[in-house]
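Read the structure below first, then the notes.
The values are calculated or read from the model by the stated rules, or taken from the named source; none is laboratory data. Since the model is a prediction, treat every value here as computed from it, not as a measurement. Neighbour counts run over all protein chains shown; Cβ positions are idealised from the backbone, glycine included. In case anyone asks, the SASA skips ligands and DNA or RNA and just uses the protein heavy atoms, side chains included. Shrake-Rupley method; radii C 1.70, N 1.55, O 1.52, S 1.80 Å.
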Amino acid sequence: MFERYSEKARRVIFFARYEAGNYGSRYIETEHLLLGLVREDRSLAKWFHGESNVVPEIRAEIERRIVRGKQFSTSVEVPISAECKKVLTLATEASERLRHCRVETEHILIGILGVEASMAAQILIARGFKLGPIQEQLAKAPSPKYQSQATTGALLTLESFLAGLKWLKSEELISFFSQNAEFIDASGKRWNREEIRRGFETLFAPYAKKNASYVIEATLAETSELYVTNVLWKNALLASERRAWMHRMSVVLIREADDWAILLAQVTPVQFSYPTAK
């Protein structure tokens, strides 16, 4: 469904999924999509009359309108509601109508406003949003605005994958890997794409833990077709192993059609330290 979505637009969906779980909702609703939208694309502030950070106000408005449920694990599958599906359909149609090569965050905004009865649209309309003027501005904007720089696209793909490890399932994340992808784990064992798919949860479980954090250290190579970087992972303490550790994950991304994909990821242990006894 999201093949034509840009990296930023995909991250909106990822964040919407997170918000649904955070509020204990069994469906991804338009209000979650709106939160994902304003969280991912701060440049949309221009539509909010120049306000630089509208997330707190929108979140507060949503919380006044909903009954909050019990927060649940990010591993639980959450379907997209019928109303939200309509928003995404309208976003795709807006992209095609404007002849833009990708579905961008602006198109999602148009889709939300197109479902006027939705909570997200009501919140935006109350803030003075009007569908017509936004569509007109996008129609006048030069199409290169929607063409990301090569390295920016690669980095956003990587960021989407790393962020997705916290809540997405292997079936969704395997799509980030090239058909010829390889993963080299900390022991030096090589895994091909099919083996990565079958053993995904085992391979990436350490990076999905709540205390796992990462930093993209440095870009090692960048061209229009290739992007190589290092990601430093740190898990403060693994209760099962009773040790703190750090991994460096070297990642190679290649250009495939209009998108980027992971060709190689290699993990190297960096530091092992055992907690001192008290």
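I'd like the full set of residues that are part of a strand (DSSP E or B), touching a residue at least 40 places away in the same chain (Cβ under 8 Å) and farther than 10 Å from Tyr227 by Cα, limited to region 250-260.
Across region 250-260, the qualifying residues are Glu256, Asp259.
Would you please name the residue that is nearest to the chain's Cα centre (by Cα), looking only at residues in region 171-185 that are surrounded by fewer than 15 Cβ atoms within 10 Å (Cβ to Cβ) and in contact (Cβ under 8 Å) with a residue 12 or more places away in the chain?
Filtering first and then ranking leaves Gln179.
Per-residue answers, yes or no, for (1) touching a residue at least 60 places away in the same chain (Cβ under 8 Å); (2) not charged (D, E, K, R):
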| position | (1), (2) |
| --- | --- |
| Ser95 | yes, yes |
| Arg99 | no, no |
| Glu104 | yes, no |
| Ile110 | no, yes |
| Val115 | yes, yes |
| Ser118 | yes, yes |
| Leu124 | yes, yes |
| Arg127 | yes, no |
| Lys140 | no, no |
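From the list Ile112, Ile184, Ile134, exactly one residue is at pLDDT 90 or above and closer than 29 Å to Ala20 by Cα. Which is it?
Ile112
For region 77-140, which fully contained helices (runs of 4 or more DSSP H) count at least 2 residues that are under 21 Å from the mean Cα position of the chain (by Cα)?
Per the criteria, 82-97, 105-114.
Filter region 61-89 for residues that are within 22 Å of Glu3 (Cα to Cα), out of contact with any Phe, Trp or Tyr (no Cβ under 9 Å at 6 or more places or on another chain) and open to solvent by less than 60 Å² (accessible area, probe 1.4 Å) and give the result.
Once the filter is applied, which keeps residues that are within 22 Å of Glu3 (Cα to Cα), out of contact with any Phe, Trp or Tyr (no Cβ under 9 Å at 6 or more places or on another chain) and open to solvent by less than 60 Å² (accessible area, probe 1.4 Å), region 61-89 yields only Val87.
Looking only at region 194-213, how many residues end up being open to solvent by less than 50 Å² (accessible area, probe 1.4 Å) and of a type outside the set (Phe, Trp, Tyr)?
7
Considering only region 171-228, give the strands (runs of 3 or more DSSP E) lying wholly within it that have at least 2 residues that are over 26 Å from Ala257 (Cβ atoms).
212-222
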